[in-house]
Amino acid sequence: MAFTVPDLDEAIAFFTEHTGGELIFRDGPFTDEAGDGMTRRLNVDARAGCTLAMVRLGRLNLELFEYSAPERSMTPPRNSDIGGHHLALYADDIDAAHAYLSSVPGVTLMAGPNGVADDSPVFGQRWFYFTAPWGLQMEITSCADGTFYRGLPGERMAPPADAPR
């Protein structure tokens, strides 16, 4: 999974200090001063440059990019916009996660924790959304009774807390 962030150092610090991530490596900067390689390879402005970092979150490799580019947008898309997205993380104790994130500078919590309908395929799940300090939309999800995805193809992947760390 990869996200473009406005400040690579800030994003690395957020994921390593507040979500249990581990910085694996940094690389770059990457540019193509004379040609259009950045456009052909990455669908960005030919004069764009980027640096990147790989952060390990449990079983997920999270690649973070910081670009410099003419006319780049600094407005993150909303979930309802084309290209909208969010990163969901599992927490064993959603109330503790909510309390912790409420104390992190720059984090904006949405309403929640929320439940799901009794007839939902993920009945028992609780969740809430928040934004990271630079606007990345994220979700914390949990299912304390252990029925997360019960009877569904993803059941063997949940609960994530059972995975080796």
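Key figures
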quantity: Diffusion constant of the range 1-45 at 4 °C, which comes from Stokes-Einstein with the Kirkwood Cα-pair radius and 1.567 mPa s, µm²/s; calculated: 102 µm²/s
quantity: For the range 9-149, fraction of C-alpha pairs farther apart than 17 Å, in %; calculated: 68 percent
quantity: Accessible area of the range 21-91 divided out per residue, in Å², using a probe of 1.4 angstrom; calculated: 64 Å²
quantity: Share, in percent, of DSSP beta bridges within the chain that are antiparallel, nearest 5; calculated: 80 percent
quantity: Solvent-accessible surface ranking, highest first, for 19, 141, 75, 31 at 1.4 angstrom; calculated: 75, 31, 19, 141
quantity: Estimated translational D of the range 42-83 in µm²/s (Stokes, Kirkwood radius over Cα pairs; 4 °C; 1.567 mPa s); calculated: 103 µm²/s
quantity: Sulfur and carbon atoms: percent of accessible area, the range 26-141 [1.4 Å]; calculated: 52 percent
quantity: Residues whose placed amide H lies under 5 Å from that of residue 124, excluding near-sequence neighbours; calculated: 116
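The values are calculated or read from the model by the stated rules, or taken from the named source; none is laboratory data. Predicted model, so just to flag it, every value in this text is computed and none were measured. The protein model used for the area step is the full one, side chains on, heavy atoms only, and it has no ligands, DNA or RNA in it. Shrake-Rupley method; radii C 1.70, N 1.55, O 1.52, S 1.80 Å.
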